[in-house]
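The values are calculated or read from the model by the stated rules, or taken from the named source; none is laboratory data. Computed from a predicted structure; not experimentally measured. Quick reminder, even Gly has a Cβ in these numbers, built from the backbone with ideal geometry, and neighbours come from all protein chains shown. Note: accessible area is taken over every heavy atom of the protein model, side chains too, but ligands, DNA and RNA are not part of it. Shrake-Rupley method; radii C 1.70, N 1.55, O 1.52, S 1.80 Å.
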Amino acid sequence: VERNGKHLLELINDILDISRIEAGREDVEITEFDVCRVVKELATMLEPLAVQKGIRLIMQPCAESIRIACDESKCRHILQNIIGNAIKFTEEGGVTLAVQQDGRDVEIMVEDTGIGIAEEHVEHVFERFYRVSKARSRDDGGTGLGLAIVKHLVQLFHGTIELESHLGRGTLFRLRFPLHSEESPT
Ligand code: ATP
Ligand code: MG
């Protein structure tokens, strides 16, 4: 009951998120924060999920703090979705997180050794309600909204998201944000 309740709440929140985004009614609150800290906190928070599945969740050490001006809670939301997916779709091996500064951008990589995504599906995974297959992702209760929300939020911050995947071997998501995304979005 508790698990179903949590799922339902997540689903409602996702639907509200996507509706707000599509209505252009996103509240954006820009502050300056250390993105390495945020990724570390998420790694700590999601570690039990990985442990439960018997896979590793490793964060490559950040050289130093990387301060960005962005909406921290939305940034967290983006990363939580991607790292959550990586854990969900990996049964062996693990997930590696890396954060690095590259000029005026920050680059965040989430790499897994999971089921991978076949080439014909790669271009669709950011679409609303798109899931590669119910059977392959087992019955995880996913809705297929996670990456659609991620894509919208990334664009809101003038960032980019790319993925490389090999079926049966794993997937790499590469996110890029400008260090300062102050300019008002629309
Ligand atoms: P939700 O996020 O709404 O709970 P979901 O995780 O199924 O559901 P998305 O996060 O939007 O949906 O991802 C869409 C689909 O892309 C997934 O159903 C899965 O098929 C595929 N996918 C996403 N991330 C990965 C990954 N790391 N490895 C393999 N497949 C993935
Ligand atoms: Mg998801």
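Worth pointing out:
- Calculated [222 nm] ellipticity per residue, helices only, for the chain: -12500 deg cm²/dmol; basis is -39500 (n - 2.57) per DSSP H run with n ≥ 4, divided by all residues, nearest 500.
- HN-Hα J in Hz across region 56-65 - Karplus 6.51, -1.76, 1.60, θ = phi - 60°, x for Gly and Pro: 8, 10, 10, 10, 5, x, 7, 4, 7, 6
- Shape of region 18-128, Cα gyration tensor, a/c cut at 1.5: oblate
- Rounded to the nearest 10 Å², the accessible area of residue 64 at probe 1.4 Å: 130
- Protein accessible area in the chain, 1.4 Å probe - carbon and sulfur %: 50
- Evaluated over the chain, the count of Lys pairs having alpha-carbon atoms less than 17 Å apart is 5 (only pairs 8 or more residues apart or interchain).
- Inverting the pair-averaged 1/r between distinct Cα atoms of the chain gives 17.0 Å as its Kirkwood hydrodynamic radius.
- Average accessible area per residue (Å²) across region 1-113 - probe 1.4 Å, nucleic acids and ligands excluded: 58
- Judged by the mean number of other Cβ atoms found within 10 Å, the most tightly packed of the peptides 78-87, 8-17 leads the ranking 78-87, 8-17.
- Ranking 145, 163 from most to least accessible surface, computed with a 1.4 Å probe over the protein chains only, gives 163, 145.
- Region 11-20 - phi-based ³J(HN,Hα) in whole Hz, Karplus 6.51/-1.76/1.60, Gly and Pro as x: 4, 4, 4, 5, 5, 5, 4, 5, 5, 4
- Accessible-area value, residue 128, 1.4 Å probe, nucleic acids and ligands omitted, Å²: 130
- Length gained when the stretch residue 3-residue 67 is fully extended (0.36 nm per residue, less Cα-Cα span): 19.5 nm
- Taking Cβ separations below 4.7 Å as the criterion for a possible disulfide partner, the isolated cysteines in the chain are 70, 75.
- Accessible area (Å², 1.4 Å probe, nearest 10) - residue 158: 90
- Full-stretch length increase - residue 91, residue 124 - with 0.36 nm per residue and alpha-carbon distance subtracted: 9.6 nm
- Whole-Å distance, taken between Cα centres, linking region 1-46 and region 53-116: 15
- Two-site FRET efficiency, residue 105 against residue 58, from Cβ-Cβ distance with R₀ of 25 Å, rounded to 0.05: 0.65
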